[in-house]
1. Roughly how many percent of the accessible protein surface of the chain is carbon and sulfur, given a 1.4 Å probe and a whole-percent answer?
2. How much net charge surrounds W202 when only the other residues with a Cβ under 15 Å from the Cβ of W202 are counted, with Lys and Arg +1 and Asp and Glu -1?
3. Would you kindly work out the equivalent ellipsoid of the range 107-196 from its C-alpha gyration tensor and give its semi-axes, the square roots of five times the eigenvalues, largest first in whole Å?
4. Please calculate the 1.4 Å probe accessible area of T221, with all protein chains present, and give it to the nearest 10 Å².
5. In whole Hz, with x marking every Gly and Pro, tabulate ³J(HN,Hα) for the range 109-116 from phi via Karplus 6.51 cos²θ - 1.76 cosθ + 1.60, θ = phi - 60°.
6. Given the chain, what whole percent of its Cα pairs are spread farther than 28 Å?
7. Before rounding to the nearest 500, sum -39500 (n - 2.57) across all DSSP H runs of length at least 4 in the chain and divide by the residue total; then give [θ] at 222 nm in deg cm²/dmol.
8. Accessible area per residue, 1.4 Å probe, Å², for the range 27-160: what's the number?
Amino acid sequence: MQTLTPVTLRSRPSLDEHELALVNARLETASPSEIVAWAHDRFGARLAMTASFADTTLIDIATSVAPDVEVIFLDTGFHFAETLNAVRRAMERYALNLTVLRPPADAADVWEHGSDACCAARKVDLLDQHLTGRVDAWLSGVRRADSPERADAAIVSIDRRGLVKVNPMANMTDDEYERYIAERDVIVNTLQYDGYASIGCWPCTEPSTDGRAGRWGGVKTECGLHL
């Protein structure tokens with residue numbers, strides 16, 4: 001079985017604890033666009049973002065500030081057709097600087113190895129390899145309103161790789177989020193109209209209007225990317 005080369009973690013984060021606290025205090029009341037602008041000003045071309053294509057809210061926000069920001073999509077091999085269609089529509093609208101990461105053909109899968117191993121091989125390991133050494137910071141779409149597990153999400157933190165993780169939408173309420181989507185005519189994965197509040201891979205996603213409750217049969221609510 002093919003194995004990925006272990007990543008080399010940063011020996012020292014680019015923000016120390018004191019600066020991290022100051023930045024979070026300053027950005028707590030900032031808009032998502034202002035948060036992206038801070039990250040882009042600070043990290044420039046060493047900034048990237050991830051996108052699941054449940055919708056393009058963060059893409060819309062980030063590309064309005066930094067049109068050429070790298071957008072990373074983890075193509076696990078198990079995405080719904082509707083998700084891949086959302087990728088296509090986003091490319092047409094935003095002319096994205098898109099990087100698609102795919103696992104090796106023999107990567108662990110959910111049926112033979114279980115969901116934890118599948119998520120690790122088809123998401124976490126791919127992102128580890130791509131981000132480490134290439135960027136200093138990355139944007140994610142995590143919101144505190146997503147789930148109880150995300151309720152304390154910081155706007156800016158240091159991830160387990162030693163990279164700066166920025167959640168520009170962390171403090172957006174559901175009402176603010178839905179209003180932004182409506183006002184900006186954001187691309188929405190059509191599965192949301194079929195009762196999927198959270199959209200991942202088809203073997204592990206069921207319809208649910210209760211946040212991330214439809215993921216992994218209720219066994220877990222995170223794949224490991226945000227732990």
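The values are calculated or read from the model by the stated rules, or taken from the named source; none is laboratory data. Computed from a predicted structure; not experimentally measured. Cβ: placed from backbone, ideal geometry, glycine included. Neighbour counts: every protein chain shown. Ligands, DNA and RNA are excluded from the accessible area calculation, which covers all protein heavy atoms including side chains. Shrake-Rupley method; radii C 1.70, N 1.55, O 1.52, S 1.80 Å.
1. Working: 5530 of 11080 Å².
Carbon plus sulfur share of accessible area: 50 percent.
2. Net of charged neighbours comes to -2.
3. 26, 21, 13
4. My reading of the accessible area for T221 is about 40 Å².
5. Along the range 109-116, the couplings run 10, 5, 6, 8, 10, x, 5, 5 Hz.
6. 27
7. It lands at -9000 deg cm²/dmol.
8. Counting only protein heavy atoms, the per-residue value for the range 27-160 is 42 Å².
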